[in-house]
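Report on the following structure.
Derivation of every value follows stated rules applied to the coordinates shown; laboratory data play no part. Since the structure is predicted, the reported quantities are computational estimates derived from the model, not experimental observations. Cβ sites come from the backbone with ideal geometry, for glycine too, and all protein chains shown count toward neighbours.
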Amino acid sequence: MAAGSQNSSHSPDEPGEFASRIVVCPHCKGDSVYHSSNSARPFCSPRCRALDLGAWANEDFRVADGIPVGDTRIDDV
Ligand SMILES: [Zn+2]
């Protein structure tokens, strides 16, 4: 989290790269550097990305587990 120390490189015409900017990390809501060097973008770190994906997976499992499968009784008439 560098505060105001990297304002010198302002060249949008750089080939193969895009200008880095600060976005909000979807997991920890902190500052995240959106740049090609940040492989975890838009997350601030690989750890945040892993935790966020893990949370989604857990939620999926919980929803799947909550489906009342044994509640459908079929009476043969
Ligand atoms: Zn984060």
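Neighbour counting of Cβ atoms within 10 Å sorts the residues ASP75, ASP52, fewest neighbours leading, into ASP75, ASP52.
Legend: ranking of residues VAL77, VAL33, VAL23 from fewest to most surrounding C-beta atoms inside 10 Å; resulting order VAL77, VAL23, VAL33.
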